Each structure stands twice: as structure tokens, then as C-alpha cells.
Amino acid sequence: MDLIYLLDLIGTFVFAISGIRIASRINMDVFGASVVGFVTAIGGGTVRDLLLDSHPITWMADMTYPLVILAAVPFTFLMGKRLNNYSKTIFIFDTIGIALFTIIGMEKALSFGFNPFIAGMMGMISAVVGGVTRDVLCREVPLIFRKEIYATACLAGAIIFYLGLELSLPENLNYLFTTAVIITIRTVSIKWNLSLPKMKKV
Amino acid sequence: MDLIYLLDLIGTFVFAISGIRIASRINMDVFGASVVGFVTAIGGGTVRDLLLDSHPITWMADMTYPLVILAAVPFTFLMGKRLNNYSKTIFIFDTIGIALFTIIGMEKALSFGFNPFIAGMMGMISAVVGGVTRDVLCREVPLIFRKEIYATACLAGAIIFYLGLELSLPENLNYLFTTAVIITIRTVSIKWNLSLPKMKKV
Amino acid sequence: MDLIYLLDLIGTFVFAISGIRIASRINMDVFGASVVGFVTAIGGGTVRDLLLDSHPITWMADMTYPLVILAAVPFTFLMGKRLNNYSKTIFIFDTIGIALFTIIGMEKALSFGFNPFIAGMMGMISAVVGGVTRDVLCREVPLIFRKEIYATACLAGAIIFYLGLELSLPENLNYLFTTAVIITIRTVSIKWNLSLPKMKKV
């Protein structure tokens, strides 16, 4: 499971970077950008833990998370525009992060005795709330509500993961397969510029 | 009490519709609109439960709520503009929802041993937070902070309900009377275009 | 410790005023302004208590807080523009509030067994979240993310306070010294118009 922990940390790091970058574009200072990075990285897990009444909150009990996020601030600052050269790598790890946050959120909710539907919601909340809070703090209409198949990918991943549990797939395989599905859906949807239908205005 | 449960579900459904509609007007996709509908419908109760430390959160323990909210998405989509023909019916059920959320929130807080003042606040939070979160996600200055006697109606309802408890009114009667007061205040204030005084700019 | 309780209440009062004033400028009604005042004053402590799983939430258990906040509404209304004549006094008590919220948040987190780093974060959250929520509700990019050494002052205060604990300074002295540091940093930074560096846009 150490690989999963490592990937979870990398996902956290990449989420923090995404927050810091968006904050930097609206002229925030270093502190503001750090806060937005922090909230982007831990927002989803925090809301999940509060809803599940799971204490201590994950990042409050494992200092690795806050430190990884803090490290993202000078990293982003030093890399600057060069980050654009790594957008594919960032995209991959961002998507792996989304996948893992979904899976970990689901597993946690299931272990608390919630049904698969609620567990799927907790998985999606883990993956999605950080980005939504980032956008609210930066006064954007949350990105995932307008573009990208981001959340749909989580949803599909959650369903696949649950099926894997029901079919008693080996855990590693189930992780791998779920992550692959999420990466595939997100990549394909971006490549072919797919998006969900807009709601009719009513 | 089954009637109250039914009305609570209808209120949830109508709150979800209000979220979905506002989301649809700012060009959200189906997923975004669903999230906004969800948050509008369960936001108030969730914050109330977190503040009271009441777990599991209501909608996480009773699947009827999430299912009713999910049903609101295709319903709103299929009804489309025709919803405008039912704006009076929607208004009535929305107001009944507000009234019930206020009462249920108060009763819960009182049963947790909080005093009537805090219980009244929990009632108002139950009724109001969903709509506020909806407006923040859609980048509006929250509607209830600018227009309508919405929250004042909740406040009056909370006071009436507490008086009913103190006077040992039969529960059904107290529910009915409180709801009637809230509906009356809201209807009258809209009909006569009443609103609270603005704050002086200071 | 009675002086600290008194200053904490004054800080709460001044935070509420700041919320009410900003709300009044964007044309909110009396109710909206009251809510924004409330959230500004108790937002930080509430999020801290939820994260620490500390129940009941402080202001739900001690009615003095809600009453002090409620009193801020007519006070702000009656004072009106005259508040501008007292901006120095308000600034002092606002800063004392920030300092005390930081210290009290830290002490609470430490008493819950969290390490000094997490405790420092809880202190800053106590001091900062109310203002951030106020700005989100009023559709501003949160002020502290753009201007002022506000949060840096909290951070410095948190470090000083922790050093004081480690050095077993008498509690009163530690409170006094920490507060003095925070007031000094904030005053100097405003006087000399210091601010944190902006993030480079990336």
C-alpha cells in the first residue's frame, strides 16, 4: 500500500499547485496563494471527514500532508512559467490524485458502515470539494460545474470500484483498474473536447 | 407525523429544483446543476447537524432524501419552461419547506439540550444555509440578504413555535400554526412588496 | 483571566461590526447584515471547533457571544458614519481580537493533543476564517489574500506564543507579549504600507 500513499501525497502536491497557480493569476500575495493551495489540497478530505465524523481529520493527524502542501509554495514559485512545460505530467498526477481521492473516500465511508451510494458521494466529495472551494475563493464559477468530464470520471470510477469490491477483485487490481478508467475517461473527454450537456435554462 | 415527513420530502424536492434552475441560468452542465440542487436541498440540514454534532447526518442515513433530490434533476429538465406555469404551487411548497426546516431544526436543537435562542438559530440555519450556498456557488450575492422577508418569516415562525411549546399546544396544532404564520408573512410581504430596511452604508 | 474573556468579547464585537459595515456597503438589508456580522465574528471559532471535534461549539454554549454580536447591529446602525471617527480604536481592538483568537485557538488545539504546527494553524484559522467568509458572502476576493500583513502577524504571534510556552513564560506575560508582537507587526506594516510579495503569475 506504500505506493498508494506515495501517489496520494503526489496528488495532494499537484492539487496544491493548482490552487497556488489560480491564486497567483488573480494577484494574491504569497500567504493568500498558500491558503488557496492548502484548501484545494485538503478541502475534499476535510469535508468528507467532517461528514463521516471521522476524527482526527486526516491532515491534522499526519504531518506529511501539510508539509507536502507547504513545499508546493516555493516549488510553484521557483518553477514559475516552466510549469507549463510539464502540463502533461501534472495532468497525469492530477488525475491519479482524483482517482485515489475518490477511492480512498469511498473505502473510508464503506468502513464507517455507509451504503455504496453514500460512499460514492463521499468519494466524489473528496475529489471535488477542494477544487470547488478554490474557485469560490478566487471568485470563479466552479470549473467542474461548467467544463470537463472531471466529475463524471469520478462517478464512473466510483461505480467501477464498487463493482470490483462486489466481485472481490484483489485490492491492488481494483485500485489499478479504477484509476485506469478515470484516467481514460478524462483523457478521452479532453482530447475529443467532450463535455456534459448544459442544463436548459429554466 | 407521516404527513410531516412527506412535506419535508416535498420541501427538499422543491429546494433542489430551485438550485437546479439557478444553476441552469448560468450555463452549468448537468453535473454542476445536480450538485447545486443537492447543496441547496441538504446544505442547511448538514450545517445544522455538524454544529449540533448529530451523526449520521440526516441525508446520509435516509436514502429517501438523496433519491428525491436526484429525481429533481430529470424532472426539472423535462418540465423546462413549463415550471413557470406552476410558480404558485412551487412557492407554496417552498414556503412549507422553509417552515418545516425551521421547525425540525429547532426541535432537534432543543432535543440536544440547547436553549430556545440557539434552537431558533439552528432552525433558521436549516432553512437558510442551502439557499445561501447555492447563491455563493452561482456567484450571486445571497438573495435572502437583499430581498424578501424570507428569513424574517423563519424568525417569526421560530418564535411562534417556541411559544407553542411553552404553552403546551398539541404538536400538530403547533406545526400547523407555525407553518401558517410563515406562509402568511412571506405571502403578504411578496404581495405588498415589503422588504426589510437596508442597512445604512457605514 | 477575566480580562482576556472581556477582550475576547470586545474582539467579537469589533469583528461583527466589520462584517456589518461591509455588508451595508453592498446594499444588504438588516437581516443580511446581521448574518454577515455573525459569520464574521464566529466563523473562525466555529471552523476551529468543528476541525477539533470540540462540542458544543463555543458560541452555542455561551450566550454572551451571540448577544454581543446582536448588540453590534443596532450599535453600527446608530453610530453610522461616526464610526469613522473611531477607526483607530476599532483597529486596536480588531488587532487585539486577532491576537486573542490566535492564542485561544492555539491553546485549545494544544489541549486537544495536537502538535504546535497544527495548533498554529488552528490559531490562524480562528483569526482568519471569519473575515474570509465575510468576503466570500459579499463577493469580494478575500481581503487578507491580497493586502495587509494580517495573517503574517498571526503567524508571527503563533510562533512567539509557542516559544513562550516552551520557555515556560508566565501565562499572562505570554499573552501580553504575543499580543504586543501582533499589534506591532500589523501597525508597522500598515504605517509603512508593507505587504507580502505577490505570487508570480504561473
Electrostatic dipole magnitude of region B:2-191 [Cβ: Lys, Arg +1; Asp, Glu -1; Cα centre; debye, to 20]: 860
Relative contact order (%) - criterion: Cα under 8 Å, at least six apart; region: chain C: 22
Neighbour net charge for A:THR89 - beta-carbon separation under 15 angstrom, K R +1, D E -1: +3
Zero-based 10 Å bins, Cα pair distances in the protein assembly as shown, whole percents: 3, 16, 27, 27, 18, 7, 1, 0
Pair C:LYS200, A:ILE4: separation of 7 Å Cα→Cβ label points (nm): 3.8
Alpha-carbon centroid distance for the pair region A:169-186 / region A:1-70, whole angstrom: 23
Size of electric dipole in the protein assembly as shown: Cβ of Lys, Arg +1 and of Asp, Glu -1, about Cα centre, debye, nearest 20: 3300
Reachable lysines, given that their alpha-carbon falls under 17 Å from the alpha-carbon of C:LYS88 and they are not under 8 places away in the same chain: C:LYS191
Principal axis box of region A:2-191, alpha-carbon based, largest edge first, Å: 49, 39, 32
Summed side-chain charge close to A:HIS55 - residues other than A:HIS55 whose Cβ falls under 9 Å, Lys, Arg +1, Asp, Glu -1: -3
On Cα atoms only, tilt of C:171-191 relative to the major axis of chain C in degrees: 50
Crossing angle, helix A:30-52 versus chain A [Cα axis fit, 0-90 degrees, rounded to tens]: 20
Whole-Hz couplings from phi, Karplus 6.51/-1.76/1.60, listed for region A:68-81; x for Gly and Pro: 4, 5, 4, 4, 5, 5, x, 4, 5, 4, 6, 5, x, 4
Neighbour-limited loop hits for chymotrypsin sites (Phe, Trp or Tyr not before Pro), region C:171-202 (at most 16 other Cβ within 10 Å; DSSP other than H, G, I, E, B): C:TRP192
Chain B, helix-only ellipticity at 222 nm - DSSP H runs n ≥ 4, -39,500 (n - 2.57), divided by all residues, nearest 500: -25500 deg cm²/dmol
Region A:77-98 and region B:74-136: distance between their alpha carbon centers, rounded to Å: 42
Label geometry 7 Å along the beta-carbon vector: A:SER168 inter-copy distances in nm: 6.1, 6.1
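No value in this document is a laboratory result; all are computed from the given coordinates. Quick caveat: nothing in here was measured; it's all calculated off a predicted structure. Because the Cβ atoms are built from the backbone with ideal geometry, glycine has one as well, and the counts that use them run over all protein chains shown.
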